[in-house]
Amino acid sequence: MTDLVRELGTCMDEIISVQRRLLDAVHDQRIAIASGDRVRIQEVATAMEVDVLRLGALESRRNTIASALADTLGCVATRWSAIRERLGEADRSSLGSRVGEIERLVRELELGNAVNGELVRTELDLVDMSIRSLATTPQQCTRAYAAGGRPQPQPVQAPALLNLSA
């Protein structure tokens, strides 16, 4: 196993570790959203931001290592499909299992984020419906304020539609 393959494997292990933490955080976030725990939602979101930034740095490092490995192997591209054909069996097996795990975690993260997004949209719809149900209708208004904060002498009238076609 070459140093570049070993370094790439170590970097991918770190990526997997961060992605697993993110996946756990997505599940924690779902529980917090469902229970309406705003404080916990914020705590989880803050922790996720740190891991997303860390993941960005790791991805940059992985790209650099993969590029160096591709150059060493004489590959034009740094994609796994191009690199794996030029690796020995042991290296291909070692890195291949990590690539598969990263792809699986990415799919699970996408699904988890989609579910959480739908939960948030549902919660927002419920809040909107609650606010609309609490709002009074114009016919029930008995007081309105004019300029300067003075009360109007007469109750507010409901808006009237004019039939302009008559």
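Just wondering, is there one or more residues in region 31-42 that are within 20 Å of Thr10 (Cα to Cα) and of a type in the set (A, V, I, L, M)? Among the residues of region 31-42, not one is within 20 Å of Thr10 (Cα to Cα) and of a type in the set (A, V, I, L, M), which makes the answer no. Taking the criterion of being among the aliphatic types (A, V, I, L, M) and crowded, with 16+ Cβ neighbours inside 10 Å, the residues of region 24-55 that qualify are Ala25, Val26, Ala32, Ile33, Ile41, Val44, Ala47, Met48, Leu55.
Coordinate-derived values only; no laboratory data. Everything numeric here is computed off the predicted structure, so don't read it as measured data. Note that each Cβ is placed from the backbone with ideal geometry, even for glycine, and that neighbours are counted across all protein chains shown.
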